[in-house]
1. Inside segment 216-233, can you point out the residues that are open to solvent by less than 60 Å² (accessible area, probe 1.4 Å) and either touching a helix residue (DSSP H, G or I) at 6+ places or on another chain (Cβ under 7 Å) or modelled with pLDDT of 95 or more (or both)?
2. Looking at segment 94-120 only, could you name the residues that are open to solvent by less than 90 Å² (accessible area, probe 1.4 Å) and closer than 16 Å to A56 by Cβ?
3. Show the residue pairs meeting these rules: Cβ distance below 7 Å; 6+ apart or different chains; first residue within segment 136-152 and in contact (Cβ under 8 Å) with a residue 40 or more places away in the chain; second residue open to solvent by less than 30 Å² (accessible area, probe 1.4 Å) and small (G, A, S).
4. Quick one: A7 ticks every box in (1) out of contact with any Cys (no Cβ under 6 Å at 6 or more places or on another chain); (2) open to solvent by less than 70 Å² (accessible area, probe 1.4 Å); (3) assigned to a helix (DSSP H, G or I); (4) among the small types (G, A, S) bar one, so which box is it?
5. Among the residues in segment 242-255, are any in a helix (DSSP H, G or I), over 19 Å from the mean Cα position of the chain (by Cα) and without any contact (Cβ under 8 Å) to a residue 40 or more places away in the chain?
6. Within segment 59-79, can you find the residues that are in a helix (DSSP H, G or I) and out of contact with any Ser or Thr (no Cβ under 8 Å at 6 or more places or on another chain)?
7. Out of all the residues in segment 285-297, is one or more charged (D, E, K, R), within 21 Å of C14 (Cα to Cα) and surrounded by fewer than 17 Cβ atoms within 10 Å (Cβ to Cβ)?
8. Could you tell me which of the residues D265, D236, D241 is of a type outside the set (A, V, I, L, M, F, W, C) and either touching an Asp or Glu at 6+ places or on another chain (Cβ under 6 Å) or open to solvent by 60 Å² or more (accessible area, probe 1.4 Å) (or both)?
Amino acid sequence: MARDRFAPDFDPDCGDSPLSSARQDIVIGRWQGLRALLRSTGPDWVSRGHRVRLLAQACAGSSTAESWLAAEPNSGDALVLRAATETARAFNLAIAAGRGAAIDQHRIDTAVMSCLQAAESYPDDPTPWTSLISVARLYPTGVRRQELARWWDELQGRDAYNVEGHLQVLHYYSSRWHGSHGLMYDFARDAAGVAPPGCALPVLVQYARVEEYRYAVDSTDGGRATVGLGQHFRHDGAVSDARRTWQRWIMSRERDDIRPGELRDLNYLAHAACQAGVSDVAVSMLRLLGPRGTRAPWSYTGDPEQQLVKWRRELRLRV
């Protein structure tokens, strides 16, 4: 009898079924499910950040967030979602305009003001500060260093080890936006260095390596895009980084289950271990993940499903 073929599960909500239900409300223009979801999430910042980010992407093409805010203008949850939605809309405009093209600064300013209003309405929540740091990238020359530092202090004062917030700063400091590879890696390594055992922040180094790879591919023409990049994920530094992240994060992790808000981070480490040829770490990560995948970062190095199937086969992991 033939063995069942392994099939990755790329659930866009990362297995968060309450989020999936709430997103159905957006399709039909109802906001009540969003209110119930965020109210029940409370100050679980990992889940809240994950849910707000994906709700905002779904709300960006509708008026659902505005309908909720019109009905409940003083709702902190509604203001936080509206801020994230305005941020998503600004990025959608930037993507449509194409790399390097400027977009209407008024749209960026609107998102910034929405973030600041949300932060004032829900003082404990780090999520508006994450949105604010994210949208700051869209200004052609970024924001003043003192301003970014102030926003960063506000975020850290609310959730010092917030992975999504750190990730937005990492993107800001990347060569793609307002920094350099060196600045980006310095930030990632500094954050990893102060993270307590079991904290996910060491995976920022893997995010940085993927970002550097994407930048190199985007900066090179046609079929020559990956020439010279064959060792990008396999050199000694990449191997050491993958093992170090595994030891500091996974080996000290208190939970055995996977939270939807950390699924993407786990996939970044699994991808790094596979690409680096660190077999024991790759086996550990793929077993932990099972069928649960996120398209990024696998999509940056090929077809996500094909890669996961290939690595599991090469590492002799059973379905």
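The values are calculated or read from the model by the stated rules, or taken from the named source; none is laboratory data. All of these numbers come straight from a predicted model, not from anything done at the bench. Here Cβ is always computed from backbone atoms with ideal geometry, including for glycine, and neighbour counts include all displayed protein chains. Heavy atoms of the whole protein, side chains included, go into the accessibility calculation; ligands, DNA and RNA do not. Shrake-Rupley method; radii C 1.70, N 1.55, O 1.52, S 1.80 Å.
1. A225, L229, H232, F233, listed by residue number.
2. Correct list: A94, R107, I108, T110, A111, V112, S114, C115, Q117, A118, A119.
3. Close Cβ pairs satisfying both conditions: L138/A90; L138/A94.
4. Tallying (1) out of contact with any Cys (no Cβ under 6 Å at 6 or more places or on another chain); (2) open to solvent by less than 70 Å² (accessible area, probe 1.4 Å); (3) assigned to a helix (DSSP H, G or I); (4) among the small types (G, A, S), A7 fails exactly one: (3).
5. Within segment 242-255 (the criterion being in a helix (DSSP H, G or I), over 19 Å from the mean Cα position of the chain (by Cα) and without any contact (Cβ under 8 Å) to a residue 40 or more places away in the chain), the answer is yes, since at least one residue qualifies.
6. Once the filter is applied, which keeps residues that are in a helix (DSSP H, G or I) and out of contact with any Ser or Thr (no Cβ under 8 Å at 6 or more places or on another chain), segment 59-79 yields T64, E66, S67, A70, A71, D77, A78.
7. So the first thing to find is which residues in segment 285-297 are charged (D, E, K, R), and the list is 287, 292, 295.
Checking the rest, the ones that are also within 21 Å of C14 (Cα to Cα) come to 287, 292, 295.
Now narrow it down to the ones that are surrounded by fewer than 17 Cβ atoms within 10 Å (Cβ to Cβ): 287, 295.
Yes: one or more hits.
8. Working: D265 fails: either touching an Asp or Glu at 6+ places or on another chain (Cβ under 6 Å) or open to solvent by 60 Å² or more (accessible area, probe 1.4 Å) (or both); D241 fails: either touching an Asp or Glu at 6+ places or on another chain (Cβ under 6 Å) or open to solvent by 60 Å² or more (accessible area, probe 1.4 Å) (or both).
Testing whether each residue is of a type outside the set (A, V, I, L, M, F, W, C) and either touching an Asp or Glu at 6+ places or on another chain (Cβ under 6 Å) or open to solvent by 60 Å² or more (accessible area, probe 1.4 Å) (or both) leaves just D236.
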